[in-house]
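Note sheet for the following structure.
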Amino acid sequence: MYHRLTSCGTLSGVLRQFARSNSSAKSRWLNRQQSDPFTKEAKVQGLRSRAAFKLQQIDDRFRLFRKNANQSVLDLGYAPGAWSQVALERTSPNGVILGVDILPCNPPRGVNSIQANILSRKTHELIRIFFSKRFQLYQEDQLHRDHGYFQHMLEEVMFLSKQEREAGEATQDVEKHPIDVVISDMYEPWPQTTGFWNNFTNSAYYRMANTSGVAIKDHCMSMDLCDAALIAAIDLLKPGGSFLCKLYTGKEDKLLENRLKRVFKDVQRFKPTASRTESKELYFVGLRKRKDVDKLKVFLG
Ligand SMILES: C[S@@+](CC[C@H](N)C(=O)[O-])C[C@H]1O[C@@H](n2cnc3c(N)ncnc32)[C@H](O)[C@@H]1O
């Protein structure tokens, strides 16, 4: 069986071809990265990737961040951390940034982070508690693990709110909508097969773009993650708050735009100049979140 598979080339041939095309795509990508002015500038400025310039340009246009305004910012899919760096700088000195990523990553200095999947309800609860209490997180807290002290706090808050509900009292000090700005640059990560020696998730310069190159696939995956970001915004963002998400464009753009319009009073599409012309990425900005948004109505139309 093994002989038949390899001699007719079905398996090993395909694998060899994949490895060849993958390595030439990789060297094309590396060449482009090395000659790209935004990539060079990001290195000079100590920014973790060229994505920082996209967020700067979006913020120059829409003013998501404010200095000295105690803003709480949730950065979804924050690794390696360039957007968080921009958010921190533009909300200084008292902005609080929480990055959430499904991959492990050391956050930039001054940024808090948890390794978690935004599709999980528990992640929403952790985020809500973090912003309500605004405590300092440390890497070694291992927040995503069930035995971390944060889990203990989560259980305590849930227990207290149950007691308070039963006693007919006002709920405890966890705010329902504690966040001013939600930004999402999420895209499904490639499975890591190499580069383990290289602190991989923190090194955008050595990491290939994680799109598949198949437009319809990129679009559908990206739609799902934009929906997840929108659900987080409905659940956690203050009325009046702002939202930003990246979408790989395709036939369902309009569907997302309509959903966004049910949540925000003002919805805009924007492609910053730092985003490559050949890239299918597009940014949706939602301004002034409406009050009392009904999630079911947003998604069922
Ligand atoms: C393009 S990168 C973000 C780059 C980042 N904005 C920056 O400026 O450095 C997309 C990130 O989304 C994360 N991601 C994808 N799906 C996720 C999920 N369900 N929950 C949390 N993070 C997710 C990936 O792990 C990846 O690190």
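The values are calculated or read from the model by the stated rules, or taken from the named source; none is laboratory data. Just so it is clear, the model here is predicted, and its values are computed rather than measured. Don't worry about glycine lacking a Cβ; one is built from the backbone with ideal geometry, like all the others, and counts go over all protein chains shown.
Does Thr277 meet the test of being of a type outside the set (Lys, Arg), out of contact with any strand residue (DSSP E or B) (no Cβ under 9 Å at 6 or more places or on another chain) and at pLDDT 95 or above?
So Thr277 fails the test.
Give the range 57-70 a look and list any residue that's touching a residue at least 60 places away in the same chain (Cβ under 8 Å) and either within 13 Å of the ligand (Cβ to nearest atom) or in a helix (DSSP H, G or I) (or both), or say none.
If the condition is that a residue be touching a residue at least 60 places away in the same chain (Cβ under 8 Å) and either within 13 Å of the ligand (Cβ to nearest atom) or in a helix (DSSP H, G or I) (or both), then Gln57, Ile58, Arg61, Phe62 are the ones that fit.
Kindly indicate whether Arg50 is out of contact with any helix residue (DSSP H, G or I) (no Cβ under 7 Å at 6 or more places or on another chain) and more than 7 Å from the ligand (Cβ to nearest atom).
no
Step by step: first the residues of the range 79-93, then only those that are out of contact with any Lys or Arg (no Cβ under 8 Å at 6 or more places or on another chain) and under 19 Å from Phe38 (Cβ atoms), then the one that is farthest from the ligand (Cβ to nearest atom). Which residue is that?
The extreme case among them is Glu89.
For a quick check of your reading of the model, give me the residue pairs whose first member lies in the range 246-266 and is more than 12 Å from Leu282 (Cα to Cα), whose second is at pLDDT below 95 and not hydrophobic (A, V, I, L, M, F, W, C), with beta-carbon atoms closer than 7 Å and at least 6 apart or on different chains.
Final answer for the pair search is Glu252/His219.
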